[in-house]
Amino acid sequence: MNLLLQTSHSNLQAQIAVTGSKSETNRLLLLQALFPNITLANTSNSDDSEVMQKALKGNEEIVDIHHAGTAMRFLTAYFAVNEGREVVLTGSQRMTERPIKVLVEALQQLGAQISYENEVGYPPIRIKGQKITASKVNIPANVSSQYISALSLVAPKLENGIEITLVGEITSVPYIKMTLALLNDLDIKTSFEGNVITVYPKQKVESKVMTVESDWSSASYFFSLAALAENATISLTSYKETSLQGDSALVEIYKQMGVDTHFEENKMTLTKQAGFIPQTVNFELNNTPDIAQTIVVTCLGLGIGCHLTGLHTLKIKETDRLEALRIEMTKLGANISVTNDSLTLVASNAINHNVPIATYNDHRMAMAFAPLALKVPIIIENAEVVSKSYPDFWNDLKTLGFEISEK
Ligand SMILES: O=C(O)C1=C[C@@H](OP(=O)(O)O)[C@@H](O)[C@H](O)C1
Ligand SMILES: C=C(OP(=O)(O)O)C(=O)O
């Protein structure tokens, strides 16, 4: 499904209930499988959370998690310690190109039995669940934080917990902290000091309702819309000023691009502010890789330049996001260059009209480019990809007055 997006509304007004965080949901679904007396509220309706739930509930030998990175990584650890069960864990074509070796080797150090079905280092993998008693493990920390979250999530159920020594620069740190914070919410003791994470064993937790905050990565598209509109008052629920999600850095980032954020109870309201916007912005996004695409497109729409660093993980996500951005932004007339871990956009005011944007099976390519419709009509190819994290995205965009038609 290709969608043509256009709008004549330059004043955006709406109140939108955004789905729950997929990162929090997929952690909590795994924790609920370990501790069935916890109850979850405001869970994500994303495909990634649906496949996670199905995989945890099912009993099949072949478990297919499609495009969901968190499900792939978290379930690798889950099945590895699930004594007596054997599964083959696989996913989409792209998932078979996303590395898993670092996590597999860490689990093997602990005594797990995991082998590769095809290419060494990549899914599909065969996992024979074992009782794990070893607790010390070293892991390279610069490839994906999801490996570290995966080990931490299953750790409370291990006889001796876990002590993880992180080697090298640590990437996507807020996601690790989110994992530990959710464990702490269940009264599971953890520590993260220097490069060592400890999670202490806990066989039972108190019954508790765990309420997922709405997804901040999904909120990023509304920050972008507010920045690009002439006027905007967009209220989003349910959000907290102090969030477990690192992407809440959006508040400070978009302040520089003319968006004010106000919190009241569980609602945050984004308003467009008139005033000075710099010709170029610089952001280090090692902590917040998922909002890189949103920010670049906002800058193009504002006619400003940007220099983004800390992007080395973008190459192994749903697609090579740096390359995808380079190609699609160039189609729009942007002057953009990328390296292995950074991106530079030169300020310019012209944007080509009616450009078909390819989305590379990447939900964030589709959603990040959509706000540009405030500037020029734009076509988003294979727009259904948004369901990976935000199935209601196109409907929510309509409530802001966008005309959306199939092309
Ligand atoms: O743990 C998580 O929920 C996530 C961690 C990040 O991945 P990396 O640690 O691989 O950068 C992020 O990009 C992904 O969308 C979700
Ligand atoms: C990178 C992402 O997800 P995952 O790694 O879980 O597939 C994302 O949602 O942007």
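The values are calculated or read from the model by the stated rules, or taken from the named source; none is laboratory data. These figures come from a predicted structure and were not determined experimentally. No Cβ is skipped: glycine too gets one built from the backbone with ideal geometry, and neighbour counts run over all protein chains shown. Ligands, DNA and RNA are excluded from the accessible area calculation, which covers all protein heavy atoms including side chains. Shrake-Rupley method; radii C 1.70, N 1.55, O 1.52, S 1.80 Å.
The residues on offer are Leu30, Leu89, and the sole one that is farther than 30 Å from Ala370 by Cα and either assigned to a loop (DSSP other than H, G, I, E, B) or within 13 Å of ligand 1 (Cβ to nearest atom) (or both) is Leu30.
Only residues that are more than 17 Å from His312 (Cα to Cα) and surrounded by fewer than 24 Cβ atoms within 10 Å (Cβ to Cβ) were counted in segment 168-183, giving 7. The lone criterion from (1) buried (at least 17 other Cβ atoms within 10 Å of the Cβ); (2) over 27 Å from Asn142 (Cβ atoms); (3) not basic (Lys, Arg) left unmet by Ile62 is number (1). For segment 36-72, the candidate set comprises residues that are out of contact with any strand residue (DSSP E or B) (no Cβ under 9 Å at 6 or more places or on another chain) and part of a loop (DSSP other than H, G, I, E, B); within that set, the residue that is nearest to Ser248 (Cα to Cα) is Ala68. Within segment 65-89, the only residue that satisfies the criterion of being small (Gly, Ala, Ser), away from ligand 2 (no atom under 12 Å from the Cβ) and surrounded by fewer than 24 Cβ atoms within 10 Å (Cβ to Cβ) is Gly84.
Give me the residue from segment 36-54 that is open to solvent by less than 10 Å² (accessible area, probe 1.4 Å) and in contact with a Lys or Arg (Cβ under 7 Å, 6 or more places away or on another chain) and, out of that set, farthest from ligand 2 (Cβ to nearest atom).
Kept after step one, since they are open to solvent by less than 10 Å² (accessible area, probe 1.4 Å), are these residues of segment 36-54: 38, 46, 48-49, 52.
Then drop every residue that is not in contact with a Lys or Arg (Cβ under 7 Å, 6 or more places away or on another chain), which leaves 38, 46, 48-49.
Numbers: Ile38: 22, Ser46: 9, Asp48: 6, Ser49: 10 Å.
The qualifying residue farthest from ligand 2 (Cβ to nearest atom) is Ile38.
For segment 196-224, taking the residues that are assigned to a loop (DSSP other than H, G, I, E, B) and open to solvent by less than 80 Å² (accessible area, probe 1.4 Å), the one that is nearest to Leu250 (Cα to Cα) is identified as Asp215. Please enumerate the residues belonging to segment 175-191 that are within 16 Å of ligand 2 (Cβ to nearest atom) and either touching a Ser or Thr at 6+ places or on another chain (Cβ under 6 Å) or within 19 Å of Val102 (Cβ to Cβ) (or both). Residues satisfying the conditions are Tyr175, Ile176, Thr179. Residue-level analysis places Met95 among those that are farther than 16 Å from Ser152 by Cα, touching a residue at least 12 places away in the same chain (Cβ under 8 Å) and within 16 Å of ligand 2 (Cβ to nearest atom).
Within segment 184-195, which residues are polar (S, T, N, Q), under 24 Å from Val167 (Cβ atoms) and surrounded by fewer than 17 Cβ atoms within 10 Å (Cβ to Cβ)?
Initial filter on segment 184-195 (polar (S, T, N, Q)): 184, 190-191, 195.
Going one step further and asking which of them are under 24 Å from Val167 (Cβ atoms), we end up with 190-191, 195.
Listed by number, the residues that qualify are Ser191, Asn195.
Given Ser337, Ser348, which one is outside the structural domain of His66 (by TED's automatic domain parsing), part of a loop (DSSP other than H, G, I, E, B) and away from ligand 1 (no atom under 16 Å from the Cβ)? Unique residue meeting the criteria: Ser348. Against the conditions (1) surrounded by fewer than 21 Cβ atoms within 10 Å (Cβ to Cβ); (2) closer than 20 Å to Ala227 by Cα; (3) under 16 Å from the mean Cα position of the chain (by Cα), Asp320 satisfies every one except (2).
Residue-by-condition table, conditions (1) more than 21 Å from the chain's Cα centre (by Cα); (2) without any contact (Cβ under 8 Å) to a residue 60 or more places away in the chain:
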site	(1), (2)
Val209	yes, no
Val212	no, no
Trp216	no, no
Phe223	no, no
Thr237	no, no
Thr242	no, yes
Met257	yes, yes
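The residue that is nearest to ligand 2 (Cβ to nearest atom), among those in segment 135-152 that are without any contact (Cβ under 8 Å) to a residue 60 or more places away in the chain and of a type outside the set (A, V, I, L, M, F, W, C), is Ser145.
Would you say Ile176 is touching a Leu at 6+ places or on another chain (Cβ under 7 Å), within 16 Å of ligand 1 (Cβ to nearest atom) and touching a residue at least 24 places away in the same chain (Cβ under 8 Å)?
Numbers: touching a Leu at 6+ places or on another chain (Cβ under 7 Å): no; within 16 Å of ligand 1 (Cβ to nearest atom): yes; touching a residue at least 24 places away in the same chain (Cβ under 8 Å): yes.
No: the conditions fail for Ile176.
Listed conditions (1) among the β-branched types (Val, Ile, Thr); (2) open to solvent by less than 30 Å² (accessible area, probe 1.4 Å); (3) in contact with a strand residue (DSSP E or B) (Cβ under 8 Å, 6 or more places away or on another chain) are all met by Thr344, apart from (2). Cβ-Cβ distances below 6 Å connect the following pairs, each with a first residue in segment 378-399 that is within 16 Å of His67 (Cβ to Cβ) and among the charged types (D, E, K, R), a second residue that is modelled with pLDDT of 95 or more and part of a loop (DSSP other than H, G, I, E, B), and a separation of six or more residues or different chains: Glu384/Met1; Lys388/His67.
Within segment 141-167, the residues that satisfy the criterion of being within 16 Å of ligand 1 (Cβ to nearest atom) and open to solvent by 60 Å² or more (accessible area, probe 1.4 Å) are Asn142, Val167.
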